[in-house]
């Protein structure tokens with residue numbers, strides 16, 4: 001969805017009769033035409049989620065006026081809601097360490113228009129990705145980190161996030177655990193990618209560990225970062241079957257391809273406001 005005249009309304013609330021009609025009626029009364037609408041009722045929690053994309057169909061009030069006018073409806077149904085202008089291009093900060101496959105993939109998708117985003121900076125605790133990043137015209141910040149300087153290093157990350165008005169932080173195989181303070185500060189706007197062997201194969205060379213155990217499925221998981229390591233709400237996962245004929249290096253290659261595609265989908269869905277957090281889970285309107 002790339003229509004520059006489009007807007008996105010996100011709604012979360014207890015499920016009640018008439019929510020969809022109230023939203024659609026309000027938009028129609030204000031000169032808007034709905035172009036896409038998805039909704040889901042979590043029957044177990046009796047909770048309702050909706051994502052509605054609309055555009056002007058004749059004279060339509062400015063966005064701030066639409067927000068003010070929608071407040072009585074939101075109050076009536078107890079809504080937690082957001083209204084976004086699609087003309088605002090999201091700003092994404094990428095953090096990376098020594099493995100560049102996810103970084104390369106995201107920059108390619110950004111340059112090709114597959115993911116609509118600006119990338120004003122890349123941060124790394126290594127120098128490995130500098131030449132490619134700067135060749136792509138993006139400032140590169142080398143912020144090495146050790147136990148003694150972790151607080152100062154993360155303070156610089158926060159400074160860049162604020163200075164660059166970052167909407168989303170992507171850990172593109174950033175091999176450092178964020179502190180609870182930074183995780184909390186970035187809650188809901190920081191996505192991580194990891195191999196789905198966790199927690200079975202922790203530490204170095206997980207694909208080699210998987211090879212030694214003769215695994216039959218490998219995969220990757222993209223999730224929001226929380227204080228619980230690798231246990232944040234899952235956005236996207238994928239797998240591929242493997243067998244005894246695959247070498248450890250082939251498992252690494254297959255795994256990295258899956259990591260790239262899973263992370264790219266998670267980033268795109270987040271930026272398109274298709275992901276709604278629901279406690280420890282997510283609702284994803286693909």
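Quick rundown of the values:
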read-out: Test: residue in segment 126-146 that is buried (at least 19 other Cβ atoms within 10 Å of the Cβ), free of Cβ contacts under 8 Å to residues at least 60 places away in the same chain and within 30 Å of residue 9 (Cα to Cα); value: no
read-out: Residue in segment 83-93 that is more than 21 Å from residue 10 (Cα to Cα) and surrounded by 13 or more Cβ atoms within 10 Å (Cβ to Cβ) present; value: yes
read-out: Residue in segment 193-218 that is nearest to the chain's Cα centre (by Cα), counting only those that are modelled with pLDDT of 85 or more and within 23 Å of residue 178 (Cβ to Cβ); value: 193
read-out: Of all residues in segment 257-286 being in contact with a helix residue (DSSP H, G or I) (Cβ under 7 Å, 6 or more places away or on another chain) and under 22 Å from residue 215 (Cα atoms), the one that is surrounded by the most Cβ atoms within 10 Å (Cβ to Cβ); value: 259
read-out: Tabulated pairs, segment 154-171, first free of Cβ contacts under 8 Å to residues at least 24 places away in the same chain, second surrounded by 12 or more Cβ atoms within 10 Å (Cβ to Cβ) and part of a loop (DSSP other than H, G, I, E, B), C-beta under 8 angstrom, 6+ apart or interchain; value: 156/143
read-out: Unmet criterion (only one of (1) within 20 Å of the chain's Cα centre (by Cα); (2) within 30 Å of residue 204 (Cα to Cα); (3) without any contact (Cβ under 8 Å) to a residue 24 or more places away in the chain) for residue 123; value: (3)
read-out: Residue match in segment 140-153 (condition: in the same structural domain as residue 182 (by TED's automatic domain parsing), out of contact with any helix residue (DSSP H, G or I) (no Cβ under 8 Å at 6 or more places or on another chain) and closer than 30 Å to residue 7 by Cβ); value: no
read-out: Filtered residues of segment 94-134 (kept if modelled with pLDDT of 95 or more, under 17 Å from residue 173 (Cα atoms) and part of a loop (DSSP other than H, G, I, E, B)); value: 97, 100, 125, 126, 127, 128, 129
read-out: So residue 254, is it surrounded by fewer than 21 Cβ atoms within 10 Å (Cβ to Cβ), more than 21 Å from residue 95 (Cα to Cα) and in contact with a helix residue (DSSP H, G or I) (Cβ under 9 Å, 6 or more places away or on another chain); value: yes
read-out: Residue within segment 48-68 that is under 15 Å from residue 273 (Cβ atoms) and without any contact (Cβ under 8 Å) to a residue 40 or more places away in the chain present; value: no
read-out: Residue that is nearest to the chain's Cα centre (by Cα) [pool: residues in segment 56-82 that are within 25 Å of residue 168 (Cα to Cα) and surrounded by fewer than 17 Cβ atoms within 10 Å (Cβ to Cβ)]; value: 82
read-out: Matching option when the condition is over 25 Å from residue 37 (Cα atoms) and touching a residue at least 40 places away in the same chain (Cβ under 8 Å), among 264, 278, 220; value: 220
read-out: Residue 46 vs. criteria surrounded by fewer than 17 Cβ atoms within 10 Å (Cβ to Cβ) and either within 21 Å of residue 284 (Cα to Cα) or assigned by TED's automatic domain parsing to the domain that holds residue 272 (or both); value: yes
read-out: Matching residues, segment 236-261, being within 17 Å of residue 201 (Cβ to Cβ), in contact with a strand residue (DSSP E or B) (Cβ under 8 Å, 6 or more places away or on another chain) and not in a strand (DSSP E or B); value: 242, 251, 254, 255, 258, 259
read-out: Output for segment 262-286, where each listed residue is under 22 Å from residue 114 (Cβ atoms) and part of a loop (DSSP other than H, G, I, E, B); value: 272, 273, 274, 285, 286
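The values are calculated or read from the model by the stated rules, or taken from the named source; none is laboratory data. A quick note: this is a predicted structure, and the numbers were derived from the prediction, not measured. Note: ideal-geometry Cβ built from the backbone for every residue, glycine included; neighbour counts use all protein chains shown.
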